[in-house]
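Quick note: the coordinates plus some simple rules give every number you see, no bench work behind them. In this text, all values refer to a predicted model and were calculated from it rather than measured experimentally. Positions of Cβ are generated from backbone atoms using ideal geometry, with glycine treated the same way; all protein chains shown enter the neighbour counts.
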Amino acid sequence: MKNKQNRSRQGFTLIELLIVIAIIAVLASLTAPALNNVKAKGDMVKDVNNLKNIALACRNYSSDWDGLYPTFDLDEGDGEAAEGETSFGTSTDAFQQLMPEYIDVETAFWSRTKDPERRRPPKIDGELLPEECVYGYAAGQDDSSFSNSPLAFNGLMDGAGVMGEFHPWLKLRKCVVAYVDGHVETNTLSGSAPGSTVKSKDGSIENIFEEMERDDEGKISGGFLDTKSGNVLFP
């Protein structure tokens, strides 16, 4: 009788415990990608909102500067740049022109990233630094430029419209872009690895950041960029 009671009080055997642990590990491996995708899509919503705010700030800026979006440094020279050129070397310099009158916090220019130089949120001190900015900017445009020309975008790229290794939406094959007319779209990438490009919504253009060309009849060819490719700035 005593032996039966002892056997009934025994816990799981080692094999049973290992089986339970293995099942938990399998379930975790199955749910982790789904959870990561949910988290990434949540971060993408913030990306969209930030770019909407940046586009709105640019449009408000243009209303004070004869339709021109930030193109030259107001604190330098006579406030003019050569036609089709910009006085900025980085998108950070351009976005600084929006502060504090049009955007008053640096967090509007930052979202979560794996870039080791930009992992920490910005310090709220009124000065935007390169490590506090993740967005790019296409300078030299105004409110009469082609409405579908890229204006602001996640700038962790290796070139105009060419994804870098730290672009946050590579695995999802997405890139969020704000356009000259103020609307924001989530575009599809040509692939899911560094070097992938930003395609047009209808898929007919492999890289919308290529310069746009119009023939005598107004037909568009090339990409959608209504400014020089050299005006595409990164943080």
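Counting beta carbons within 10 Å around each of Leu156, Leu172 and listing the fewest first gives the order Leu172, Leu156. When you restrict to C-alpha pairs under 8 Å that are six or more residues apart and normalise by the size of the chain, the relative contact order lands at 18 percent. Given R0 = 41 Å, the distance between the Cβ atoms of Ala22 and Lys123 translates into a calculated FRET efficiency of 0.35.
Each of Ile220 and Ser63 was given a label point 7 Å from its Cα along the Cα-to-Cβ line. The distance between the two points is 2.5 nm.
In a simple Cβ point-charge model (Lys, Arg +1; Asp, Glu -1; nothing else charged), the chain has a dipole of about 3280 debye relative to its Cα centre.
Think of it as helices only: each DSSP H run of n ≥ 4 in the chain is worth -39500 (n - 2.57), and spread over all residues that comes to -9500 deg cm²/dmol at 222 nm. Counting neighbouring Cβ atoms within 10 Å and putting the fewest first, the residues Ile15, Ile124 line up as Ile15, Ile124.
Candidates Tyr135, Phe224, Leu27 compared by Cα position along the dipole of the chain: farthest toward the positive end lies Leu27, with charges placed on Cβ. Quick one: longest stretch of the chain between exposed loop GluC sites (Glu not before Pro), exposed meaning at most 13 other C-beta atoms within 10 Å and loop per DSSP? In the chain, the maximal stretch lacking such sites is 1-75. Round to the nearest 0.05 the FRET efficiency obtained for Val105 and Leu74 when R0 = 22 Å and r is the Cβ-Cβ distance. Working from the Cβ atoms, E equals 0.65.
Once semi-axes √(5λ) of the Cα gyration tensor in Å is calculated for the structure shown, the corresponding label among (i) 27, 25, 20; (ii) 35, 20, 16; (iii) 49, 21, 13 turns out to be (iii).
The trypsin sites (Lys or Arg not before Pro) of region 147-235 meeting both criteria, a DSSP state outside H, G, I, E and B (loop) and at most 11 other C-beta atoms within 10 angstrom of the site's C-beta, are Lys219. This ranking places Phe109, Phe72 by how few other beta-carbon atoms lie within 10 Å of each, fewest first, which gives Phe72, Phe109.
For the pair Glu213 and Asp115, what calculated FRET efficiency results from E = 1/(1 + (r/R0)^6), where r is the Cβ-Cβ distance and R0 = 30 Å, to the nearest 0.05? After rounding to 0.05, the efficiency reads 0.35.
Within the shell of other residues whose beta carbon sits under 9 angstrom from the beta carbon of Gln96, the net charge comes to -3, with Lys and Arg scored +1 and Asp and Glu -1.
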